[in-house]
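Colleague: There's a structure below that I have some questions on.
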Amino acid sequence: MASWQFKLIKLFFRVRRVINPPAGKLDVARERADTESMAANFPTRIEFTCTPLEVNQVPAEWIMPSAASADRVILYFHGGSYNSGSLESHRSHVANIAHAAKARLLNIDYRLAPEHPFPAAVEDATASYRWLLENQVEPHSIIVAGDSAGGGLTLVLLVKLRDAQLPLPAAAVCLSPWTDLTCSGASWKANVRKDLMLDSRSILESAQLYVGKADPRTPLASPLYADFTGLPPILIQVGSHELILSDSTGVAERAKVAGVEMTLEVWEEMQHEWQFAANMLPEARQALQHIGQFVESHLG
């Protein structure tokens, strides 16, 4: 049963949707502003240091909680439909993840559409992973992670690394991953009224904006259509009321068929990226705890 805190937040978003219904048309400038303002509502209480840097010409920052182990590295890709999100919007969120995992975290500011459509994000993700290897970070000490679009990008990176015969990370963590840019899974219809965070019409437009002239089913854009053979263990967390629920369940099915160690957690009633609200929601804190346990099991 959902907590009273979650029910209160859900009521807030329901009222917000009634007062300010989705426009049904993508406005990138507004999406970026809304992402930043929404994230500001969920600060962290975790003490950490933030060190800006560039990794193979990609802007990034090291997030270091006080209890972080130098031998554990999380490479993180933020969400935002490939057209919004930033280091700043996700800083508190990734600090919570790094704290739960007792790891240092490399937060990546990959290029966004429409200025930089597919495959720019894939190139930046690959460049950032290569930078870790070039700087003597052992692949068996790396977890690749991301949320929403960044969760999809996490899976894309694994496929890209395998195909390039580069050393694979120890494991991957995907939070509400967007894996099917055709936006055609069963939950895109079944959960259209249950999901209070995402608007199906603007998300579809975001997909078209990102892929451009490419086939939206290409595995490096939509990892749902990829071959998962040989990939490392994967943890997926997704809410049962999410528009993109089937993006996660579909990946889990394909990964298991390919022999991948897959952990799929479908959290009852949860909304898109509820883990952001760790200061408010016991469900978010529990989800972070599960992430920490998963990291411990593969890096411990």
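Colleague: To check you understand DSSP bridge types, tell me what percent of the beta bridges within region 4-299 (both residues inside) are antiparallel, rounded to 5.
Modeller: Numbers: 12 of 38 bridges.
Of all bridge pairs located within region 4-299, approximately 30 percent are antiparallel.
Colleague: A further question on this structure: Long-range amide H contacts for ILE74: which residues qualify at under 5 Å (H placed 1.01 Å from N, peptide plane, sequence gap of 5 or more or a different chain)?
Modeller: The answer is ARG104, LEU105, LEU106, ILE143.
Colleague: Continuing with this model, one more query. Sequence-distant or interchain residues sharing an amide H contact under 5 Å with GLU61, placed H: which?
Modeller: Hits under the 5 Å cutoff: LEU53, ASN107.
Colleague: Let me ask something else about it. What order do you get for ILE236, ILE97 when you list them from fewest to most C-beta neighbours inside 10 Å? All intermediate terms of the calculation are to be shown ahead of the outcome.
Modeller: On the way: ILE236 25, ILE97 30.
Result, fewest neighbours first: ILE236, ILE97.
Colleague: Applying 1/(1 + (r/R0)^6) with R0 = 35 Å to the Cβ-Cβ distance of SER240 and GLU138, what FRET efficiency is obtained, to the nearest 0.05? Kindly include the intermediate steps, with their values, before the conclusion.
Modeller: Values: r = 37 Å, r/R0 = 1.06.
So the FRET efficiency works out to roughly 0.40.
Colleague: Given the Cα-Cα distance of GLU47 and ALA29 and 0.36 nm per residue of separation, how much length would full extension add, in nm?
Modeller: That works out to 3.3 nm of additional length.
Colleague: 222 nm [θ] for the chain, helices only, -39500 (n - 2.57) per DSSP H run of 4+, per residue, to 500?
Modeller: On the way: 9 runs with 121 residues, N = 300.
Rounded to the nearest 500, it is -13000 deg cm²/dmol.
Colleague: Now a separate question. Enumerate the calculated ³J(HN,Hα) couplings along region 15-21 in order (Karplus 6.51 cos²θ - 1.76 cosθ + 1.60, θ = phi - 60°), each rounded to whole Hz, writing x wherever the residue is Gly or Pro.
Modeller: Here the 3J(HN,Hα) series is 5, 4, 5, 5, 5, 10, x Hz.
Colleague: How large is ³J(HN,Hα), in whole Hz, for each residue of region 130-141 in order, when computed from phi with the Karplus curve 6.51 cos²θ - 1.76 cosθ + 1.60 and θ = phi - 60°, using x for Gly and Pro?
Modeller: Working through the residues one at a time gives 4, 4, 4, 5, 5, 9, 6, 8, 6, x, 6, 10 Hz.
Colleague: What ranking do HIS90, HIS140, HIS272 get, fewest neighbouring Cβ atoms within 10 angstrom at the top?
Modeller: HIS140, HIS272, HIS90
Colleague: Something else: Based only on other Cβ atoms within 10 Å, what is the fewest-to-most ordering of SER128, SER69, SER246?
Modeller: Details: SER128 26, SER69 14, SER246 22.
By the 10 Å Cβ count, ascending: SER69, SER246, SER128.
Colleague: For the ranges 20-29, 275-284, 144-153, what's the packing order if you count other beta-carbon atoms within 10 Å of each residue, average per peptide, and put the highest first? Walk me through the numbers on the way to the answer.
Modeller: Values: 20-29: 11.8, 275-284: 21.0, 144-153: 29.4.
So the order, starting with the most tightly packed, is 144-153, 275-284, 20-29.
Colleague: Using the Karplus curve 6.51 cos²θ - 1.76 cosθ + 1.60 with θ = phi - 60°, work out ³J(HN,Hα) for each residue of region 27-43 in order, rounded to whole Hz, and write x for Gly and Pro.
Modeller: Coupling constants for region 27-43: 10, 4, 4, 5, 4, 5, 5, 5, 4, 5, 5, 5, 4, 5, 6, 10, x Hz.
Colleague: Taking H placed 1.01 Å from N in the peptide plane, check which residues at least 5 places from VAL173 or on another chain put their amide H under 5 Å from its amide H.
Modeller: VAL144, ALA145, GLY146, LEU235
We did not get these values from a lab; they are worked out from the coordinates using the rules stated. Since the structure is predicted, the reported quantities are computational estimates derived from the model, not experimental observations. Backbone-built Cβ (ideal geometry, glycine too); neighbour counts: all protein chains shown.
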